[in-house]
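Input: a single structure, listed below in C-alpha cells.
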Amino acid sequence: MPWNDLLRQELLALKEASDRIHAHLPAATLPESLSPSAIPYIAAHTDRLKAIVQEYGWPGIHVVGNDGALAAWVLLLRGYDIIFMQACLILMHRALHENDVEPGTVAFLEDRILVRTGKPQRYGSQYHRVDEEIIPYPIDDEAHVDERRATVGFMPLEVYLRHATEQQ
C-alpha cells in the first residue's frame, strides 16, 4: 500500500475525469486542435498536478503506487504544458535512479518533449497518421533505436508501429 493513499486516490480520480474528456478527442491531439470546451478541464487537471508536484515532488511509485504514478504521468502528457513537462522530466530522471518511476514513462515523456520542440526523438514512441499509415516522427540515430527501446522495456519499433496500425 502506498504511503499516501489519499493522493493516489486523487490522481486516479483526476485521470478518470481526464479519460472521459479524452475519449471524445482524436488520439495524440495537439493543443491547437482541442475542442474549446475541453480546454478548461484539461487546464484544471494540469494546475492540480502542478500543485501536487510543488508539494510532493514527482508523485512516484513509492508515494502513490504504480497506478497513481501512471495516472500522474498520463495527466502530465495530456496537459500540453511543455515547460511543466520539461521540469517533470528532470524530476522523473532523478526518480528513475531510485526505481520510483518506470523507465518507459521517462522515455516516452522525453520523446514527447523532443517532438513537440521540433527535435528528433530517441525511442520512436511518437508517431502520426498519414492516411492509413502510422509514421514515426524523426528518430535520432534510427539504426540503434531498437537497442535504446530495449533498455526501457519497449518492444521493437516495427512491432510497436504494427500494433498502433492495428488499433486504428
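The values are calculated or read from the model by the stated rules, or taken from the named source; none is laboratory data. Note that this is a predicted model, so its numbers are computed, not measured. Heads up, the Cβs are rebuilt from the backbone with ideal geometry, glycines too, and the neighbour counts pull from every protein chain shown.
The set of residues in the range 12-41 that are surrounded by 11 or more Cβ atoms within 10 Å (Cβ to Cβ), in a helix (DSSP H, G or I) and at pLDDT 75 or above comprises Leu12, Ala13, Leu14, Lys15, Ala17, Ser18, Asp19, Ile21, His22, Ile39, Tyr41.
So, Gly124, is that one in contact with a strand residue (DSSP E or B) (Cβ under 6 Å, 6 or more places away or on another chain), touching a residue at least 12 places away in the same chain (Cβ under 8 Å) and small (Gly, Ala, Ser) or not? Show your work before the answer.
Values: in contact with a strand residue (DSSP E or B) (Cβ under 6 Å, 6 or more places away or on another chain): yes; touching a residue at least 12 places away in the same chain (Cβ under 8 Å): yes; small (Gly, Ala, Ser): yes.
Here the answer is yes, as Gly124 does meet what is asked.
Can you tell me which residue in the range 120-140 is surrounded by the most Cβ atoms within 10 Å (Cβ to Cβ), limited to those that are over 15 Å from Arg162 (Cα atoms) and in contact with a Lys or Arg (Cβ under 7 Å, 6 or more places away or on another chain)? Across the range 120-140, the extreme among qualifying residues is Tyr123.
One residue stands out in the range 58-77 among those that are outside any helix (DSSP H, G or I) and out of contact with any Leu (no Cβ under 6 Å at 6 or more places or on another chain): the one that is nearest to Ala107 (Cα to Cα), namely Gly60. Within the range 103-153, the residues that satisfy the criterion of being of a type in the set (Asp, Glu) and assigned to a loop (DSSP other than H, G, I, E, B) are Asp131, Glu132, Asp140, Asp141. Between Ala95, Ala107, the distinction of being among the hydrophobic types (A, V, I, L, M, F, W, C) and not assigned by TED's automatic domain parsing to the domain that holds Ile82 belongs to Ala107 only.
The set of residues in the range 152-163 being closer than 17 Å to Leu109 by Cα and surrounded by 12 or more Cβ atoms within 10 Å (Cβ to Cβ) consists of Val152, Phe154, Met155, Leu157, Tyr160. Scanning the range 78-102 for residues that are in a helix (DSSP H, G or I) and surrounded by 16 or more Cβ atoms within 10 Å (Cβ to Cβ) yields Arg78, Phe84, Met85, Cys88, Leu89, Leu91, Met92, Ala95, Leu96.
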